[in-house]
Structures are given as C-alpha cells and as structure tokens.
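Novice: Here it is: the structure, laid out below.
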Amino acid sequence: MNITEDKERLIARYLNGDCPPHEYQELIEWLQSSEENQQLFYRIKDTWDASLKEKESANEELIRFYKSRADSNQNASKRIYLWKWPAAVAAVLFIGLLITTIFNTDTASNGMVSYSVPLGSRSELVLADGSYVYLNAGSTLSYPSVFDENARVVTLTGEAYFEVESDKSHPFIVNTSDLEVKVTGTKFNVSTYDDNEYTAVSLVEGKVTLDVPGRKKEVVLKPGEKVSFYPNKRNIHMVSADWDTEIGWTKGVFSFKEVNFRELVKRLERWYDVELNYNSKELDSMIYKGTFKNEETIWQVLDALKLTTPIDYKKDGFRKFEIIYKPM
C-alpha cells in the first residue's frame, strides 16, 4: 500500500511532537478508516523507534550510567529494577494514546452492547446509569444499552476500573468467567484476562462482595484490600492493595512489584501490542519490580531490560521480538 506525501508528513509531525489538534484529529480519522492504515502507521513508527534506538545506543555515557545503577542494585534474589529513561533521550511518544479512540462497538438485536479495546490502547466510557468505566488494553465490556429494573449487570474480559454510581436498590454486578462481583456504589478494579491464572479484584472505596464458585459464603472486601481467585486450584488469596500497581494504568503509569518474567512479558505484549517470544527457563526465575510511563518505546523498555537482565533481543518480524537468554 502506498502512502500519500501529505499523510507521510502528517505522521512525521505527530512522531516529532509537532502535530496541532486539527491535524491530530485528521490522523485519528485516517487511522479509523481502515486496518491497513493502522498497520502502515505501526510500520512507520517501528522504523522511527528503531532509529531512536540507534541514537540512544550511540550515547555511551548514558549506557554507562544505567549499567552502573544496574550493577549496584542487583542482589542474590535476582530482583531486577527498571528505570524511566530521561526525556532528553528521545521525543516523547505516547504509545497507545493515539490509538485510544480506535475501538470496536457492536450492538446486538437484544440491546446488548459489546465495547472492545485493542491491544496497545486504553479507553473509557460512561454507562447508562452514569457509572464510569476505564478499560485496559485487550479488554471487552458487554452491557445493556438500558439497565433493567432489577440490577445493573455487565460482563468483563480483560481489565477495567469502575466508578459506580450509588444505587442500593439496583446493585451493580460484574460477571467474569470465574466469579461475580457485586456492589452498590463504589470504586474498584477487576483484572480477568483469559491468559491469566487468576481473577483479581481490588477495592478503592465502598464495599464489594464476591460470589466465588465452590464457596458457600460470599467474600467481602474492605477498602484497600485485593483478592485473587485461582479457579484451577479453587483457592483465594487476599492482600493489601498497592494502588500504584493496581490502578496506575488508568493514568498511563505502569507499576509492578514481585512479578516473574512470564507475567512481565504478558503485560508488555498488551501495553505495546507486540509479540515477545523466549524459550529459556532461566528467565522464569527472575523477579521484577519497576515503574514507568507509557511514553517509552518498546525498544527503550527492552534496552532497559537488557542492561539489568541477562538477555539480548532481536526484531523477528512485524511487531515481533525474540528475547534471548545470555548468562552474565
């Protein structure tokens, strides 16, 4: 597919951070018009990100700085820390934000609406009762265009943060493949991706009850608590919630504590809409902690990992990377 010269200039202005609001809207409309346009945009952006990577790699002083920090922080538990790259390294590229408005909404004949957010994106919507829902990458929320007179019922796959309008006579229910979350008016987060081993619910304020299969009593959450349900083991795990980790994604801040390499890879694949492949068991023993904004490119994140973890990587196709274990 060929790209017109004016669209090429428009994309270049966006990547340089010089895109005024009216041109930004023009770019959004062009992206929405076809899947081919989206793929073309990503191909151009991949080339752009790679060129930034080459410039960063040439900055030996910066590399030495990060290496010194990595060496001084590693310990016997193999806890790996990632740091946010300084803004001076490259232009700020808000990965995913440009595509945030590109989603799929289907309305069935029975009045049910299915709202899907693609990988590499985030979005938000307001339901008929005034409740706000923030959807993370790769998520789908199904809900009626008008709630019935008994309850407000929605179905979720993926991850969502809810701010539910209070209405004690009409409970708000979130159905997942594993459990039922019931509230009246509250703020809470639900993570229930199909490729996860668990469904997690974190309560910010209010009250939440969970109907868990195999348990006679409902599980009640208090503000500041997080419960994870593992359907294969039929057990639950309750801890204090860390809000930077649980809901930072709603503001484009990704924070994680004590996650293994496989879990980290899953999250990066969702956030950046990429495929990361590896086949080393040694990497599964690595434990990660880190915080960064969704402004770094995937190249920058992988370079940070490379400096603090015994890995290398190479591009292995369109938005595909192979991660290679390299003992230090």
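The values are calculated or read from the model by the stated rules, or taken from the named source; none is laboratory data. Nothing here was measured: the structure is a model prediction, and the numbers come from that model. Virtual Cβ from ideal backbone geometry, glycine too; neighbours counted across all protein chains shown.
Novice: Being assigned to a strand (DSSP E or B) and not hydrophobic (A, V, I, L, M, F, W, C) is true for just one of E197, E165, E159, E149. Which residue is that?
Specialist: E159
Novice: Now for a separate question. Any residue in region 202-222 that is crowded, with 18+ Cβ neighbours inside 10 Å, farther than 14 Å from V133 by Cβ and touching a helix residue (DSSP H, G or I) at 6+ places or on another chain (Cβ under 6 Å)?
Specialist: The answer is yes; a qualifying residue exists.
Novice: Something else: Among the residues of region 208-223, is there at least one that is within 27 Å of P118 (Cα to Cα) and either out of contact with any His (no Cβ under 8 Å at 6 or more places or on another chain) or not assigned by TED's automatic domain parsing to the domain that holds A160 (or both)?
Specialist: No, region 208-223 has no match at all.
Novice: In this structure, is I247 of a type outside the set (K, R) and modelled with pLDDT of 95 or more?
Specialist: no
Novice: Then there is this: Can we say K306 is surrounded by fewer than 19 Cβ atoms within 10 Å (Cβ to Cβ), assigned to a helix (DSSP H, G or I) and touching a residue at least 24 places away in the same chain (Cβ under 8 Å)?
Specialist: No.
Novice: Moving on. Only one of Y278, Y272, Y288 is of a type in the set (S, T, Y), under 12 Å from the mean Cα position of the chain (by Cα), buried (at least 16 other Cβ atoms within 10 Å of the Cβ) and not assigned by TED's automatic domain parsing to the domain that holds V133. Can you tell me which?
Specialist: None of the others qualify; the one that does is Y272.
Novice: Moving on to the next point. Looking at (1) closer than 24 Å to R122 by Cα; (2) at pLDDT below 90; (3) crowded, with 19+ Cβ neighbours inside 10 Å, which is the one condition that is false for V253?
Specialist: The number of the failed condition is (3).
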